[in-house]
Amino acid sequence: MKRRNFLRTMGVSAPAVLSGGAASATAGPSADGEPGVFFYDDGRHASGLYQFAPPLEPYDLTFAVDQLVNSGVDTLIYSAGLEGGVVQYDSAVGEKWGDNVDVWSHPIFYRAARNLKQLIDDGHDPLKILCDRAHEKGLWFLPTLPLCIVGGDRSQGGGYGRMSDFVYEHPEYYVGSDSHPAASELGRFFGPARMNFLRAGVREERFRLFEELLVRYESDGVEVDLSIDNEFGPFCRFEEVPKLAPILTEWLARLREAADRTQRDQQRRKRIYVRLPAGGEAAWNIPGFEVGRWVSEGLVDGLICITASKKETPENRRLMLDQDLDLRPSVELTRGTNCRVLMGFRGYLGRQLESHATAAMTHAAAALGYEQGADGFGLCDGMWAPNGWPWTEEDYETLRLLGHPDLLATADKHYVARSLARGADSTEGLFPVKGPILPQVLHEGKPLRVTLRVADDLARWGSDRVESVRLAIRLTNIELDLDEVHVRWNGELLSDSARRASDLHFRVMENTVVGPYGYVLEYALPPEQYPLLGENALLVTLIKRDPKIRAAVAAYDVDLHIAYRRHRHFQSQPIHF
């Protein structure tokens, strides 16, 4: 979405490097000269730190940048540190991963720390290597850190090296136990040992590191990650959130001053992006994020909106693919300002035979973001490797279109209703989600309503360009000769004669038996039943249930597949003569 000129206030006399930054050297997908397609790298999983045996050379690190060249990605957001406060570069103010460990408990973390120490001892700062390489290849480089960090018991976690002496030595800074009912809905990192941002010592420790990322390196700014591993919660006890909100805003204002000062000194644009939950004030007020003030006072240059639905605790897990983020409050809030809105997509699908979002699913998510007015799109999993790493040709084809809404318009898409990943068991969460989260039990005679928002204008393209539209509903514990189900799509009853049923009762495939048991009911939709641009409604009703079985019938997954052809007579699978 090219709806704002991000640099219009910089002035025509601004130096070239300041107004254009690193990406002025290449033609990126963002027409307004600012980050448009980002890629988040946690700096460990898909990199030399974990996957390469020591010793490392600088070119082992630069592959994290090189893999993005001409991919369609214009911005690398790179994690400079871990949730426990240690960092992954040659910091002058922070503690490095492994500095406080003698005997290790985890072989991969030990390898990462060895690689990091060896590179630094050889005179190489990993962050400078990556920053310089990104600029050499025409990419923006935004290092990032979590603003909230966690402590714990050194006797239990000390052998992992992920926590700094700072968090171990200051238990008085911990949030502590929280009796508020909402605290039970927090994810795994938001426990009693997280550091309380109301404490000045905590704020100062984080500020020194973010200031270093701005001042010591010729970065293009920073991303302030308001999540921990893409989970959200307050950086204090719930009762303290009203006090936290203005203090967090004051901290961002201080960081803005540092960014502006360094921007003048380096003559390089210093942006501040924040990663936060999508959904507007209803979501932002929960952890005490005064996003309206951040935007109106010019404290931030961009909002990276991601799902708030990720939650993992020892008791339960709430994980699902969330393509349809609510970006409209962010877009409306930033209208008429220089603040950008980017949609961040987590691609974990968690199905038995498909663990990660496909290209068509990712393109559907991007199209939904642009349809709401987003300025850009990005991938925010710590390691994006849907087909393994290094990436395949299919992965590069996924990336290539992400900055081009016009190309996405006729890209094949796969929309999925929100459905818990395999093994997840909690539909409850701190942040509410509009509409049901599948699976949902079907009760006889009571329709289940599932909505799917679609970004495709099929009325524009018509049957000449549309190859097929298929609606698929996965139902568990059902036998079609004993039970009866009615499916309505945008009010119209879909005929049983038009459906294709795939039997998944004890379906044996290579190395696995498909579960859960049931059927997939697939409907090829004719042009008069094509989905509408915007919200579409599916009603699934269990009309009759076999009384001889107790197992509940449930709607498990809902999928909508849209495929295009290049021309009205250009079939994707022509007849073989």
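The values are calculated or read from the model by the stated rules, or taken from the named source; none is laboratory data. What you see is a predicted model; the values in this text were computed from it and never measured. We place every Cβ from the backbone using ideal geometry, glycine too, and count neighbours over all the protein chains shown. Just the protein is used for accessible areas: all its heavy atoms, side chains included, with ligands, DNA and RNA removed. Shrake-Rupley method; radii C 1.70, N 1.55, O 1.52, S 1.80 Å.
See the values below:
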{"item": "Zone residues, the stretch 516-536, relative to D425, backbone N less than 17 Å from point 7 Å out along Cα-to-Cβ", "result": "516"}
{"item": "Label-point separation in nm, E467 to S177, each point 7 Å along Cα→Cβ", "result": "5.9 nm"}
{"item": "Sequence of Y396, Y89, Y110, Y59 when ordered by accessible area, the most exposed leading, probe 1.4 angstrom", "result": "Y59, Y110, Y396, Y89"}
{"item": "Heavy atoms of T512 accessible to a 1.4 Å probe, total area in Å² rounded to 10", "result": "40 Å²"}
{"item": "Low-density loop positions, GluC sites (Glu not before Pro), the stretch 251-301 - DSSP coil, at most 13 other Cβ in 10 Å", "result": "E297"}
{"item": "Contour excess over end-to-end distance, with Cα ends at Y517 and K434 and 0.36 nm allotted per residue", "result": "27.1 nm"}
{"item": "Of G36, A92, P54, farthest towards positive along the dipole that unit charges on Lys, Arg, Asp, Glu beta carbons give the chain", "result": "G36"}
{"item": "Residue-wise HN-Hα coupling along the stretch 278-291, computed from phi with Karplus coefficients 6.51, -1.76, 1.60 (Hz; x: Gly, Pro)", "result": "5, x, x, 4, 4, 8, 5, 5, 4, x, x, 9, 8, 4"}
{"item": "Residues whose placed amide H lies under 5 Å from that of G151, excluding near-sequence neighbours", "result": "R194, M195"}
{"item": "Reach of K544 by Cα under 24 Å, taken over lysines that are not fewer than 8 positions away in the same chain", "result": "K446"}
{"item": "For the stretch 47-56, Karplus couplings with θ = phi - 60° (6.51, -1.76, 1.60), whole Hz, Gly/Pro x", "result": "7, x, 4, 9, 8, 10, 6, x, x, 10"}
{"item": "Computed E for R568/D260 - FRET, C-beta separation, R0 56 angstrom, nearest 0.05", "result": "0.55"}
{"item": "Amide H contacts under 5 Å for E95, placed H, 5+ residues apart", "result": "V87"}
{"item": "Qualifying GluC sites (Glu not before Pro) in the stretch 451-541, DSSP loop, other Cβ atoms within 10 Å at most 11", "result": "E510"}
{"item": "The chain - percent of accessible surface contributed by carbon and sulfur, probe 1.4 Å", "result": "50 percent"}
{"item": "The chain - Debye-derived log10 I(q)/I(0), Cα point model, q = 0.05, 0.06, 0.08, 0.11 Å⁻¹", "result": "-0.22, -0.32, -0.58, -1.06"}
{"item": "Two-decimal ratio, the stretch 155-302, of alpha-carbon radius of gyration to 2.2 N^0.38 Å", "result": "1.09"}
{"item": "In sequence order, calculated HN-Hα J values of the stretch 256-269 (Karplus, 6.51, -1.76, 1.60; Hz; x Gly/Pro)", "result": "4, 4, 5, 5, 5, 5, 5, 4, 5, 5, 8, 6, 9, 4"}
{"item": "Positive-pole candidate from H124, I543, L438, dipole of the chain, charges at beta carbon", "result": "I543"}
{"item": "Between 0 and 90°, nearest 10: helix 200-215 axis offset from the chain longest Cα axis", "result": "90 degrees"}
{"item": "Surface per residue (accessible, 1.4 Å probe) for the chain, Å²", "result": "42 Å²"}
{"item": "Within the chain: Cβ-based charge dipole about Cα centre, in debye rounded to nearest 20 (Lys, Arg +1; Asp, Glu -1)", "result": "920 debye"}
{"item": "Listed residue pairs exceeding 20 Å between alpha carbons, taken from K96/K117; K243/K310; K96/K137", "result": "K243/K310; K96/K137"}
{"item": "Global geometry of the stretch 387-485, whether rounded, prolate or oblate, following the gyration tensor of its Cα atoms and the 1.5 cut on a/c", "result": "prolate"}
{"item": "Only Lys, Arg (+1) and Asp, Glu (-1) charged, at Cβ; the stretch 153-257 dipole about Cα centre in debye", "result": "180 debye"}
{"item": "Potential extension, E204-D102 segment - 0.36 nm per residue separation minus Cα distance", "result": "33.9 nm"}
{"item": "Length-normalised contact order of the stretch 93-187 in % [C-alpha pairs under 8 Å, at least 6 apart]", "result": "40 percent"}
{"item": "Longest segment of the chain lacking trypsin sites (Lys or Arg not before Pro) that sit in a DSSP loop with at most 13 other Cβ atoms within 10 Å", "result": "9-334"}
{"item": "Sequence-separation-based contact order of the stretch 134-254, relative, with Cα cut under 8 Å and 6+ spacing, percent", "result": "36 percent"}
{"item": "Only Lys, Arg (+1) and Asp, Glu (-1) charged, at Cβ; the stretch 237-361 dipole about Cα centre in debye", "result": "440 debye"}
{"item": "V469 - accessible surface, heavy atoms, 1.4 Å probe, Å² rounded to 10", "result": "0 Å²"}
{"item": "Among T427, L494, V222 the positive-end extreme of the charge dipole of the chain (Cβ point charges)", "result": "L494"}
{"item": "Relative contact order of the chain, defined on C-alpha pairs under 8 angstrom at six or more residues apart (%)", "result": "13 percent"}
